[in-house]
Amino acid sequence: MKKVVLVLLVLFLSCKNNKHPDLNNGQVIVQQTNKNIKETIADNQNSFTIEELIGQKLIGMESNQDDKENDPYKKYSVDFTGACYSSDLCVIEVNKNQLAISNYYDPKIKVKIDIENIISEDNKLILKLKNDSLTKLTLTKFINDLSLYKIEINGSSVTEEIRMSKYIANENIISKFGGIDCGNFDG
């Protein structure tokens, strides 16, 4: 009996001397768990998903200077060849089920392709397509602060009236890259 009383007394005194009662320890654990959840969510939000592209018009871009250029607004511009020479500049619009590729100057020239599968890998979005000529479109986000993407295609262009550019950017930001201005170009 003396042993039981001694154990109870030791337990009572150890709880009384605890600077952090169980309630506070529980709160610390909950706060730490919530912090970890927020970090996980933030990490997942940095991955490239199709939701970033839905509702955007993506315009064909080109790299117009040496790869050593650090300023993306100087290095990239609207695809001048497609915009001014042949008027076949591409516009890409994406939704969860379909990819629409059209001509910037003649939106009636449009090809719609069903998306078979979507794969998101870090900064890449791979769209596997149900099309004989264009089977896969890979978009790589390479400047996180901008909606600027590199394009890789498997297959061939969907039509000669639309030039598939090497890069695309959101239509809302192309003016920062110089916009579309062919000046007095006669073609």
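Side notes on the structure shown:
- Counting every other Cβ atom within 10 Å of each residue's Cβ, 48, 177 order from fewest to most as 48, 177.
- Kirkwood hydrodynamic radius (C-alpha pairs) into Stokes-Einstein, region 50-177, 4 °C and 1.567 mPa s, D in µm²/s: 88 µm²/s
- Going from the residue with the fewest nearby Cβ atoms within 10 Å to the one with the most, 132, 88, 106 rank 132, 106, 88.
Quick note: the coordinates plus some simple rules give every number you see, no bench work behind them. Remember, it's a predicted structure, so these values are computed and weren't measured experimentally. In this analysis, Cβ positions are derived from the backbone assuming ideal geometry, glycine residues included, and neighbour counts consider all displayed protein chains.
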